[in-house]
Amino acid sequence: MIEVPRTEAPQCLRENYKKWGKEYKRNLEANPNYSHHWHNRRDEIEGALFWMTSNHCSFCDIQPLRASGATIEHFRPKNGKKKYPLLAYYWGNLFYSCSNCQKKGTRFSKKLLKPDKSAYSFRHYFIYNYSTGIIDPNPARSPEDQERAKITIDWYGLNKWGRPDERVKERNSFLEDQVLGKNKNINDYSYRFILH
């Protein structure tokens, strides 16, 4: 998970997120099966998230995201057991996400790491095994920080779905390109957090 600096919210959200959140909450209370919608602004919102992440998943950092099934993740879930319907349109709660990371579903804990927090750093919370591609909690950190890393790894499936092998291959490709003098932009690669 790479640091994702939060950009300015699209105008439609700046102007409407409170109103739309209240509307969504009322509809959800009246009908627990009420379906969330983007008020015909999904393209605008998704475009802003696309730009913010350079077409990478905010959690696993796979790229290109649209080809792998892009979704908009509500960090604090808009519905479910622990729900935050008033944050359904709040910019700071929305992340561009791949369909696998979206499998986090409606789980939420304040311990879950948020990639747009200024205090977040991959190297602080995680260690990476360059030969296996596995991400683990950083054992040099506090038990609380290790628990936060573990929850994030588990809920976003950072070591599932062949991701460790993909990370090893991507790093090898990056190193080969460097040797061959192919000066590609780092945003052209997945898993940028292991390429530094």
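Near the amide H of Lys78, within less than 5 Å, lie the amide hydrogens of Tyr84, all on another chain or at least 5 residues away, with H placed in the peptide plane. Ordered by the count of other Cβ atoms within 10 Å of each Cβ, fewest first, His36, His74 give His36, His74.
Against the empirical 2.2 N^0.38 Å (N residues), the stretch 10-91 has a Cα radius of gyration ratio of 1.15. For a label point 7 Å from the Cα of Ser142 along Cα→C-beta, name the residues of the stretch 96-126 whose backbone N is under 20 Å from it. What the label zone holds, given the 20 Å backbone N cut-off, is 109-126.
Computed 3J(HN,Hα) for the stretch 114-125, one whole-Hz value per residue from the Karplus formula 6.51 cos²θ - 1.76 cosθ + 1.60 where θ = phi - 60°, is 10, x, 9, 6, 4, 7, 7, 8, 3, 5, 5, 8, glycine and proline marked x. Under the criterion of Cα pairs below 8 Å and six or more residues apart, the relative contact order for the stretch 11-194 equals 20 percent.
Do any of Lys150/Lys184; Lys22/Lys111; Lys83/Lys111; Lys104/Lys150; Lys83/Lys114 go past 21 Å between their Cα atoms, and which? Over 21 Å apart, Cα to Cα: Lys150/Lys184; Lys22/Lys111. Taking a straight Cα-Cα cut-off under 16 Å and skipping sequence neighbours fewer than 8 places away in the same chain, the aspartates and glutamates within cross-link reach of Lys82 are Glu29, Glu73.
Taken along its principal axes, the alpha carbon cloud of the chain reaches lengths of 58, 38, 28 Å, longest axis first. Packing around the peptides 116-124, 88-96, 134-142, taken as the average count of other Cβ atoms within 10 Å per residue, puts them in this order, highest first: 88-96, 134-142, 116-124. Counting neighbouring beta carbons within 10 Å and listing from fewest to most, the residues Asp145, Asp43 come out as Asp43, Asp145. In a reduced charge model with +1 at each Lys and Arg Cβ and -1 at each Asp and Glu Cβ, the stretch 51-196 shows a dipole moment near 680 debye about its Cα centre. Determine the distance separating the Cα centre of the stretch 12-48 from the Cα centre of the stretch 119-163; give it in Å without decimals. When both Cα centres are located, 33 Å separates them.
Shown for Thr53, Thr106: other C-beta atoms within 10 Å of each C-beta, ranked fewest to most, produce the order Thr106, Thr53.
Bear in mind these aren't lab numbers, they're just calculated from the coordinates by the rules spelled out. Computed from a predicted structure; not experimentally measured. Note that each Cβ is placed from the backbone with ideal geometry, even for glycine, and that neighbours are counted across all protein chains shown.
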